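Questions regarding the structure given below will be posed in turn.
The values are calculated or read from the model by the stated rules, or taken from the named source; none is laboratory data. Note that the structure is a prediction, hence the values are computed from the model and not measured. Cβ: placed from backbone, ideal geometry, glycine included. Neighbour counts: every protein chain shown. Just the protein is used for accessible areas: all its heavy atoms, side chains included, with ligands, DNA and RNA removed. Shrake-Rupley method; radii C 1.70, N 1.55, O 1.52, S 1.80 Å.
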Amino acid sequence: MTDFYQSPPRLGNQFDDDRALRSVLARLLPPDVHAAVAPGLARLGARVVGDIGRLGDAAEASPPVHVPWDAWGRRVDDIVTSDAWRALDRVSAEEGIVAAAYERRHGEWSRVEQLTRLYLFHPSSATYSCPLAMTDGAARCLELHGGDDAVLRDALAHLTSRDPDAFWTSGQWMTERTGGSDVSGTSTVARCDAEGTWRLHGTKWFTSATTSQMAMTLARIHDDAESSGLSLFQVRLRDGAGALQGIEVHRLKDKLGTRALPTAELTLHGTPATLVGGSGNGVRKVAAMLNVTRVYNACCAVAGMRRAVALASDYATGRVAFGRTLAEHPLHVETLAAMQLEVEGALQLVFHVGALLGREECGVATDAERALLRLLTPVAKLYTGKQAVAVASEALEAFGGAGYIEDTGLPRLLRDAQVLSIWEGTTNVLSLDVLRALERADAIGAWRADIERRLATVRLPGLLPALDPVRAATGYVAQYVSALATGDAAAQGGARSLAFAIARTTIGALLLEQAQWSDNQPASEQMRALAAARRWCDRDLAPLVSVNAEHLGQSRAMLW
Ligand code: UCC
């Protein structure tokens, strides 16, 4: 019999304790903006390990339930969520987790502030960040394409409100039974009735956050020869009396993770809808939404990684094995440091993209910056989505058997990370999107110039040896892209390696810039930033794989 018990990991203020986050914000934000936003971020950093964290845990413990019928046999299709899930909706409105980006109190830097709020909120929110992602994406889409339509202007005001009673969330219903990647197969049809109201008919196979007030969705306009493609619609789920508007919910999905989040299969039976931005070009219009949700995905991926490392590093200082704490075992320290390096790299990439998005949204981005944003959005999403799974898996292992036990809360880190490389475009779909972005006039030139501008700031002798590998990697990527343009169809088989090379090379340049900036910071901060930059640039930054017909033939031979 022993009275020994392990101490569970503990978390402090998630803003104050996150040195990498604080230093990237200090570098990026103008001093007056930094001074204005930091106190609010520190308050949120405390809340996420206090009341918000408790709400997230409670929501996770009480997943949504589909109630198809009422006691009297009427079809009601209620989706009953927990009090905690609904409270998270109110908290996220009050904290301005979407609104901060649209109030634009800090001009182009508002997006960076908003993403920091999201970053702090996400790991404690039982993935309430998902409805918020779609809400923000819908807001951007309506801002760009809603025009002066009164219904859509009103919706935009609700989506961007800080008033919990006025705040709406939005769904994004893109996936049908034919799949979520190739949305061109969408079979939902829109018909205009005698009163001039659009009515949608079709089945949506994955609808996340189905308790939202509205959704954005794609449909094919019936008998419309002019716009043979898809059109974009906004749907209000319920009428003024609270009844679903021609929506039949079939069931909730039984998912590996994100268990507090209701995800339903449903059919639209003549659901009234508002056409967004006229008929046709639905995919192009909804891309504005996808580009925001992909930035959310990347930001939440880093936030999840950071939470995993924070938990594992705290545990390492208390857990004793073989006569000393894990933090005194060199191999364990190296393992945790490798995880932290992933966090720091991904953090740089996400905030770089966030800063570009802020500039685009405020209308001050140059053409080159817009091309860069278009390129780096799928890159950031796909890269961080993959790394989030790897880091979460390593974090579970850092706890030994406890990491595999549900009531420690740790397995959730991995279950909730796994979706990040799937929804909002899988790694491969986004790698192909990177190729699409590279078709844009001189996207690669804009990327190289941006990297060179950052490298040109580097002066510290300890960093100079790291410049060559980054410069070499940009050259390999550029050569690879030129070869792609002239290559055969099999060449797209290398698209994932190209996307990873762009991610790693960009991060190398950003970490070097950060380390140079840290030169006038306290010694411990200098050492941290220097080590991160040098270690990152010591890796193979451009692990490119050239695929031609012969290579592809060999791959096929290995498989079938
Ligand atoms: O909805 C889902 C779950 C919601 C949960 C949200 C969670 C959020 C994160 C939370 C964090 C915790 S899952 C649904 C996921 N599905 C997708 O993401 C779609 C994935 N597939 C793609 O992205 C494909 O590449 C498609 C659908 C865009 C390809 O369709 P098409 O029809 O083949 O597209 P095209 O023909 O290549 O492009 C049509 C137009 C072109 O412009 P134009 O017409 O001017 O030539 C493209 O350049 O759209 C433009 N376009 C874009 N523009 C396509 N993609 C983009 C883009 N990303 N940005 C700008």
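Mean separation of Cα pairs under 8 Å and 6+ residues apart, divided by the residue count of the stretch 170-281: what relative contact order is that in percent?
Relative CO of the stretch 170-281 lands at 30 percent.
Given the DSSP H assignment, sum -39500 (n - 2.57) over each helix run of at least 4 residues in the chain and divide by its residue total; what's the result at 222 nm in deg cm²/dmol, nearest 500?
-17500 deg cm²/dmol
Give or take rounding to whole Å, what are the principal axis extents of the alpha carbon atoms in the stretch 65-158, in descending order?
That works out to 54, 36, 16 Å along the principal axes.
Label points 7 Å out from Cα along the Cβ direction at Ala368 and Val320: separation in nm?
Simple spin-label model gives 5.9 nm for this pair.
Percent of Cα-Cα pairs per 10 Å bin, from 0 to the last occupied bin, for the stretch 32-95, please list those.
19, 33, 24, 14, 7, 3, 0
In whole percent, how big is the carbon plus sulfur part of the accessible area of the chain, probe 1.4 Å, protein atoms only? Could the numbers behind the result be given before it?
Working: 12630 of 23540 Å².
That fraction is 54 percent.
Please give me, ordered by residue number, the GluC sites (Glu not before Pro) of the stretch 191-288 that lie in loop per DSSP and have at most 16 other Cβ atoms within 10 Å.
Sparse-neighbourhood loop GluC sites (Glu not before Pro): Glu195, Glu226.
About the Cα centre of the stretch 427-559, what is the dipole size in debye to 20, counting +1 per Lys and Arg Cβ and -1 per Asp and Glu Cβ, all else neutral?
200
Counting Lys and Arg as +1 and Asp and Glu as -1, what is the net charge of the other residues whose Cβ lies under 12 Å from the Cβ of Thr335?
Spelling it out: positives minus negatives among the neighbours equals -4.
Net charge near Ala456, counting Lys/Arg +1 and Asp/Glu -1 over other residues with Cβ under 12 Å of its Cβ?
Counting the neighbours of Ala456, the net charge comes to +1.
Kirkwood hydrodynamic radius (Cα pairs, Å) of the stretch 306-441?
Numbers: mean 1/r = 0.0597 Å⁻¹.
Answer for the stretch 306-441: a Kirkwood hydrodynamic radius of 16.7 Å.
Hey, another quick one. Please work out the Cα convex hull volume for the stretch 225-302 and give it in Å³ per residue.
Spread over its residues, the Cα hull of the stretch 225-302 gives 149 Å³ apiece.
Would you work out the Kirkwood radius for the chain? I mean one over the mean of 1/r across all pairs of different Cα atoms, in Å.
On the way: mean 1/r = 0.0406 Å⁻¹.
By the Kirkwood definition, the hydrodynamic radius is 24.6 Å.
Whose amide H sits under 5 Å from the amide H of Asp78, counting only residues 5 or more places off or on another chain, with H placed in the peptide plane?
Val67
Which loop chymotrypsin sites (Phe, Trp or Tyr not before Pro) in the stretch 69-131, with loop taken from DSSP, have no more than 10 other Cβ atoms within 10 angstrom of their Cβ?
Trp72
Excluding Trp69 itself, calculate the net charge of residues whose Cβ lies under 11 Å from the Cβ of Trp69, where each Lys or Arg counts +1 and each Asp or Glu counts -1.
Here the charged neighbours net out to -1.
Are there trypsin sites (Lys or Arg not before Pro) in the stretch 442-479 that DSSP marks as loop and that have at most 10 other Cβ atoms within 10 Å, and which are they?
Qualifying residues, ordered by number: Arg459.
Right, next: What lysines sit close enough to Lys204 to cross-link, taking a C-alpha to C-alpha distance under 16 Å and skipping anything fewer than 8 places away on the same chain?
In chain and number order, the partners are Lys253.
Kindly state, to the nearest 0.05, the FRET efficiency for Trp69 paired with Leu460, given R0 = 51 Å and r defined as their beta-carbon distance.
0.15
State the answer as a single residue: which of Leu463, Tyr315, Val379 lies farthest towards the positive end of the charge dipole of the chain, with beta carbon charges of +1 for Lys and Arg and -1 for Asp and Glu, about the Cα centre.
About the Cα centre, the residue reaching furthest to the positive side is Leu463.
What whole-number distance in Å separates the alpha-carbon centres of the stretch 130-176 and the stretch 1-34?
A separation of 32 Å, based on Cα centres.
Taking only complete DSSP H runs, can you tell me which helices of the chain stretch 27 Å or more along their own long axis by Cα positions and average at least -0.5 on the Kyte-Doolittle scale?
Helices meeting the criterion: 282-318, 330-361, 367-398, 467-486, 495-517.
Non-local amide H neighbours of Ile221 (under 5 Å, H modeled in plane, Pro and chain starts lacking H): which ones?
Correct list: Ala190, Ser231.
Rounded to the nearest 0.05, what FRET efficiency do Ala549 and Arg471 give with R0 = 25 Å and r taken as the Cβ-Cβ distance? Could you check?
Computed FRET efficiency for Ala549 and Arg471: 0.20.
Right, another one. Given a 1.4 angstrom probe, what's the average accessible area per residue across the chain, in square angstrom? Mind dumping the intermediate values first?
Values: 23540 Å² over 560 residues.
Result: 42 Å² of accessible area for each residue.
Given H placed 1.01 Å from N in the peptide plane, which residues other than close sequence neighbours of Val49 have an amide H under 5 Å from its amide H?
Here the answer is Gln14, since their amide H atoms fall under 5 Å of that of Val49.
Set the Förster radius R0 to 41 Å, insert the Cβ-Cβ distance between Val429 and Glu328 as r into 1/(1 + (r/R0)^6), and round the FRET efficiency to 0.05.
Once the sixth-power term is evaluated, E becomes 0.40.
Over the chain, what is the relative contact order in percent, taking alpha-carbon pairs closer than 8 angstrom and at least six residues apart? Write out the running numbers ahead of the final one.
Details: 953 pairs, mean separation 69.1, N = 560.
Relative contact order of the chain: 12 percent.
Then there is this: Distance from the Cα centre of the stretch 407-449 to that of the stretch 85-106, in angstrom?
25
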